[in-house]
């Protein structure tokens, strides 16, 4: 009954204060003339890792799984529905993986023997199906070697879940030698679980490789590019930075299967496919068909950073495999290749066209430097072995590139023995930017809004590199992106913003997850083969990122910051570019709260705005059925004099914006 009454009296996103006689009343003061510190443009950014099918099957718009037959099982993802063997009925055809020893990066191809042309087919299942849209165009390409001209035509069809043809094209293979072919066709209906069917006219043998299917409508219309709706969600956040490629994926279970950036650049077909470290990491959600094609590689990451206006932040292996797995160490005397990778990456990003790696970047289509400013050494390693290796990297990088800012790590937790050791040692080394990670309960986030209030202002700066409230517990498959998690993160983020003098970068993690192929929850963005939506957590992050301002202001109650007293959290900034005062308020209480804000020192326009993000139930969340159930509502706010009065609904995140005259 209470929720029904609430819905009727909300006007312009605000509750009238006269309704609740028992609403908590709080008076706040903001000095809009005094800047405490500048807020870094990198304050709120994005963390990308290829987990939950975020790259292949997600952001990278390739629709064919195992396009070059390089998975551990070379025909994984490919079906041969009408291959039968019996004494009476010989098979109409068979596809067999063939390995070519001289090709190190792409050793496999598929040899297809057609015994007759009565309908033998190979079918690719895509990434839990293929999402195709009616009237949309799709570009198919492949490489083929047609032995003795035996095969007269290759017929390519999109089929729906009922095997009905919903798009068709064909290719005539004209060469005995390897030759690339491409064609385009249009889908005749929308289907989330389509497959690609390939049949053949003729009798004999044909070899196939690099069978690829992309939508024509990609981000910025780049051929074989990124999925448009997912990039749009990232772009809309106006992120300050993009961290890539992880995350634990940087480390590998062993050093041999760590992420090696040099294998992710250059010609697409020469990038070596490898198993994704998340494919069998969790017993609750094993995905043995999860591999990395590296079609989304370091060049594409840098390009994406540029596209969305984010500073690139690459993280590299420090010669330590994941300590949750093997913890394999590269001996100190054998670190040179790892260090050279870091130095060469800086050259790839920033080097002139007459340098070896700068030339490769230019040849790939980007003559101008990517303006790399940061590089991370290791992900979340811990202990003396990490500190020892960090020192070697730091010396080598600073000797050659003194202006590059190095990100170091404090381990996987925000407290405890490993954390304390790392922080003490890195402080001794005058580390520039230390990465802290926390996956904790919503209550922890609310209780730790003052975490950085007492950090040394002259010590290392902080990168809150991975965090997300866990509704159940860490790495639990039952975690939800519910509203309690989201507003608890908002409460914590007011503390990050209030401590902008220390905290320079922050990012939620993980970034995205496929509805049918996730390994870890919660995640900021959810997608399936056709659609994507932002969670409540996404909208919290977006509110802070798009309203971060340029200058931190002091907002207090009786001279003290609000860090959860009476379940209220606040921060305030000024934006000298938009000439605005921006105040963020988070009410985590079950009751509404009346707030009066005394805005001292500047004349403000009477007409402002208020953005409200709220939901009545702690367990509410966005879904594919209701993708914007919890999303911001913006309304006009009329300011009278120097005091702003506002009622904060229960469980709400509010942003007030006033123009400076």
Original post:
Out of curiosity, is residue 547 more than 30 Å from residue 56 (Cα to Cα) and part of a loop (DSSP other than H, G, I, E, B)?
Top reply: yes
Original post:
Do we find a residue being surrounded by fewer than 22 Cβ atoms within 10 Å (Cβ to Cβ), closer than 28 Å to residue 515 by Cβ and out of contact with any helix residue (DSSP H, G or I) (no Cβ under 7 Å at 6 or more places or on another chain) anywhere in the range 171-180?
Top reply: no
**OP:** Those residues that are surrounded by fewer than 16 Cβ atoms within 10 Å (Cβ to Cβ) and not in a helix (DSSP H, G or I), I need them from the range 406-427; list them, please.
**Re:** 415, 416
Subject >> residue 630 being farther than 24 Å from residue 501 by Cα, outside the structural domain of residue 490 (by TED's automatic domain parsing), touching a residue at least 24 places away in the same chain (Cβ under 8 Å) and assigned to a strand (DSSP E or B) >> reply: no
Subject >> helices (runs of 4 or more DSSP H) fully within the range 281-388 counting 2 or more residues that are under 23 Å from the mean Cα position of the chain (by Cα) and either touching a residue at least 40 places away in the same chain (Cβ under 8 Å) or in the same structural domain as residue 228 (by TED's automatic domain parsing) (or both) >> reply: 298-307, 336-350
Original post:
Which of the residues spanning the range 554-569 are assigned to a strand (DSSP E or B) and either over 28 Å from the mean Cα position of the chain (by Cα) or closer than 20 Å to residue 660 by Cα (or both)?
Top reply: 554, 555, 556, 557, 560, 563, 568
Original post:
Would you pick out the residues in the range 585-610 that are under 32 Å from the mean Cα position of the chain (by Cα) and over 13 Å from residue 644 (Cβ atoms)?
Top reply: 586, 587, 588, 589
Subject >> Matching residues in the range 579-616 - criterion: being in contact with a strand residue (DSSP E or B) (Cβ under 8 Å, 6 or more places away or on another chain) and assigned to a loop (DSSP other than H, G, I, E, B) >> reply: 579, 588, 589, 591, 592, 601, 602, 603, 605, 606
Original post:
Just checking, how many residues over the range 264-274 are surrounded by 17 or more Cβ atoms within 10 Å (Cβ to Cβ) and outside any helix (DSSP H, G or I)?
Top reply: 4
Subject >> Condition met for residue 467 (in contact with a helix residue (DSSP H, G or I) (Cβ under 8 Å, 6 or more places away or on another chain) and under 17 Å from residue 524 (Cβ atoms)) >> reply: yes
Original post:
Inside the range 586-603, can you point out the residues that are out of contact with any helix residue (DSSP H, G or I) (no Cβ under 8 Å at 6 or more places or on another chain) and either surrounded by 19 or more Cβ atoms within 10 Å (Cβ to Cβ) or in contact (Cβ under 8 Å) with a residue 60 or more places away in the chain (or both)?
Top reply: 590, 591, 592, 594, 595, 596, 597, 598, 599, 600, 601, 602
Original post:
Does at least one position in the range 444-461 carry a residue that is under 16 Å from residue 378 (Cα atoms), touching a residue at least 60 places away in the same chain (Cβ under 8 Å) and assigned by TED's automatic domain parsing to the domain that holds residue 335?
Top reply: no
Original post:
When only residues in the range 633-661 that are part of a loop (DSSP other than H, G, I, E, B) and within 35 Å of the chain's Cα centre (by Cα) count, which is surrounded by the most Cβ atoms within 10 Å (Cβ to Cβ)?
Top reply: 651
Original post:
Yes or no: residue 195 assigned to a loop (DSSP other than H, G, I, E, B) and in contact with a strand residue (DSSP E or B) (Cβ under 9 Å, 6 or more places away or on another chain)?
Top reply: no
**OP:** May I ask you to verify whether residue 451 is in contact with a helix residue (DSSP H, G or I) (Cβ under 7 Å, 6 or more places away or on another chain) and over 21 Å from residue 547 (Cβ atoms)?
**Re:** yes
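The values are calculated or read from the model by the stated rules, or taken from the named source; none is laboratory data. Treat the numbers as computed from the prediction; the structure is a model and nothing was measured. Please note: Cβ atoms are built from the backbone with ideal geometry, for glycine as well, and neighbour counts cover all protein chains shown.
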